[in-house]
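First the structure, in the form of structure tokens, and then the observations on it.
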Amino acid sequence: MKDVVEITDLAVSFATDAGQVQAVDGVTLSVHPGEVLAVVGESGSGKTVTAKTILGLLPETARVRGAVVLSSKDGTTEGDVAQMSAARLRQVRGRDAAMVFQEPSTALNPVYPVGWQIIEGLRAHGRYTRAEARAEAIDVLRRVGIPDPEERIDHYPHQFSGGQKQRIVIAQALVLDPGVIVADEPTTALDVTVQAEILDLLRRCRDEFGAAVVLITHNMGVVADLADRVAVMYQGKLVEQADVRTLFSAPKEPYTQQLLAAVPRIGEGLARAHERAARRPEGWEEQAPVVRARDLRIVYPGRFRQPDFVAVDGVSLSIRPGEVLGLVGESGSGKTTIGRAMAGLTRVAGGSLEVLGVELRGVRERTFRPVRSKIGFVFQDPATSFNPLLTIAECVAEPLVVHGRAENAADARGRVDELLEAVQLPRAFGARFPHELSGGQRQRASLARALALDPELLIADEPTSALDVSVQARVLDLFDELHRELEFAALFISHDLAVVDMLADRIAVLHRGRLVEEGTGDQVLGSPREPYTQRLLASLPVPDPVEQAERRAQWQRLRGAGA
């Protein structure tokens, strides 16, 4: 059969104030009918730009050379997307090729019901009565796993969870039965159990709907789980492509080998944990904990006659000086709520939470303010946690100015330069604005800001979830190095079990606000006792296609058993 997409000698450049930037350079690639092609590489490698050319979604500043031939699902029509008029592009988008965007919250219009948004695509490409279009939308919502689609078709995006919103975006892509679906990082911000369900759905797009899938991702476990063939990009060029088993078992190019070596794997953290334990002084276990929670309860009050929501229910845990506690669980399990409570950002409703010797239940701001300077916080998304109007140096200096350690950002510049060097950023980056740094560089700057006051406790909330594997590996190594040097206690919140295993001395597993399991990485991840932890572990895709096929079968058995 004819390939659904055939890209020949594609080159894409962008006009900027600093001149032409070459994003894609001479890429030749094809997508076979009904296959999953994964395009991988680090940020800036050109993978998303290449994928967007399939639908003609590049901005006006882009200059495109080469051919991108898109065929219809039945093979009767074809055309070069690079040469198509705007009217012709509108015809092929959705019908011949569709896109699943990275962030469903921004892809869905918040002011329209989800059913209206699916029906809009149908009516743009054919004549449907209102009843026919509604029936089609309900059918596709049911097929992607939205419960009670007859009722929920009239709900708005904010009434759905993150995983359900991603299913709705996939339903939008599937409703016109396209030949190819381009999925751009469709699982990046999802926890492992929801990610496993979305991967299962994308597999059904291929098997039940007969659509080819172009998967853009930096998660090599996802590639091993879903892909038939893999294309590796680096600095705008296609450096290697092979079937998934060959690529993982015998990668040829040094860059591919480096990419696979950077992927964290469960079990690798054991040696690091022993090394950290060996460095600790005698009597360390008898020291007073930096954080001690007893029967901690946190409640969000209901609004508009809605009942209160219990986010954390009876959690007891502790963190000793210099110890890293990993906190894992699904979205909504209470991980971030506990982290925010430790930083004094969320009120404690019941039980006890003692941080650095101060009881936070009922604490007054005047009492807690001196303690704030001993706590650092690394946010999940540094792009939104930095003030876009301030330079990086001013952002990093902010805690020093707020807590009276420096009069202004200029006065703190010496300390800021030290911090930037500590997180392996050149001093000159201090003069740049947040949008001028890459995701990995911004996360390093965020870590520098959190360390500005030499904290005794560092709270890191999903600090590597949006980073590609090579950048993630560098940030994790940096975190480990800084922890070895500064010996702060840390709460490391993540849904990636392999990342937590690398850094944490102990791991605590949360489920629906309750602590279900706690222990060392070897205990919790090596031989989990709780069914929920077993399901969490089975949901994590591993970068090995053979092992991942076995784990997928195990996950489906556990899900079927209701674990």
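The values are calculated or read from the model by the stated rules, or taken from the named source; none is laboratory data. Everything numeric in this text was worked out from a predicted model, so none of it was measured. Neighbour counts are summed over all protein chains in view; Cβ atoms, including those assigned to glycine, are modelled from backbone coordinates with ideal geometry.
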Out of the residues in the stretch 533-542 that are of a type outside the set (A, V, I, L, M) and either free of Cβ contacts under 8 Å to residues at least 24 places away in the same chain or surrounded by 22 or more Cβ atoms within 10 Å (Cβ to Cβ) (or both), state the one that is nearest to Ser333 (Cα to Cα).
-> Thr533
Which of (1) more than 27 Å from Leu202 (Cα to Cα); (2) in a strand (DSSP E or B); (3) free of Cβ contacts under 8 Å to residues at least 40 places away in the same chain does Glu60 not meet, given it meets every other one?
-> (2)
Can you confirm whether the stretch 479-489 contains a residue that is at pLDDT 90 or above and either in contact with a strand residue (DSSP E or B) (Cβ under 8 Å, 6 or more places away or on another chain) or not assigned by TED's automatic domain parsing to the domain that holds Arg427 (or both)?
-> yes
From the set of residues in the stretch 371-389 that are more than 25 Å from Gln472 (Cα to Cα) and out of contact with any strand residue (DSSP E or B) (no Cβ under 9 Å at 6 or more places or on another chain), which is surrounded by the fewest Cβ atoms within 10 Å (Cβ to Cβ)?
-> Leu389
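For every residue, the table says whether it meets (1) more than 25 Å from Gly75 (Cβ to Cβ); (2) surrounded by 24 or more Cβ atoms within 10 Å (Cβ to Cβ).
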position: Val169; (1), (2): yes, yes
position: Ala183; (1), (2): no, yes
position: Asp191; (1), (2): yes, yes
position: Val194; (1), (2): yes, no
position: Glu197; (1), (2): yes, no
position: Arg203; (1), (2): no, no
position: Phe209; (1), (2): no, no
position: Ala224; (1), (2): yes, yes
Odd one out for Val524, checked against (1) more than 30 Å from Leu420 (Cβ to Cβ); (2) without any contact (Cβ under 8 Å) to a residue 24 or more places away in the chain; (3) out of contact with any strand residue (DSSP E or B) (no Cβ under 6 Å at 6 or more places or on another chain) = (3)
Can you pull out the residues in the stretch 70-92 that are out of contact with any Lys or Arg (no Cβ under 9 Å at 6 or more places or on another chain), crowded, with 19+ Cβ neighbours inside 10 Å and part of a strand (DSSP E or B)?
-> Leu70
Any chance Arg366 is assigned by TED's automatic domain parsing to the domain that holds Glu487 and either in a helix (DSSP H, G or I) or at pLDDT below 90 (or both) = yes
Output the residue which, of all residues in the stretch 226-239 that are part of a strand (DSSP E or B) and not β-branched (Val, Ile, Thr), is surrounded by the fewest Cβ atoms within 10 Å (Cβ to Cβ).
-> Lys237
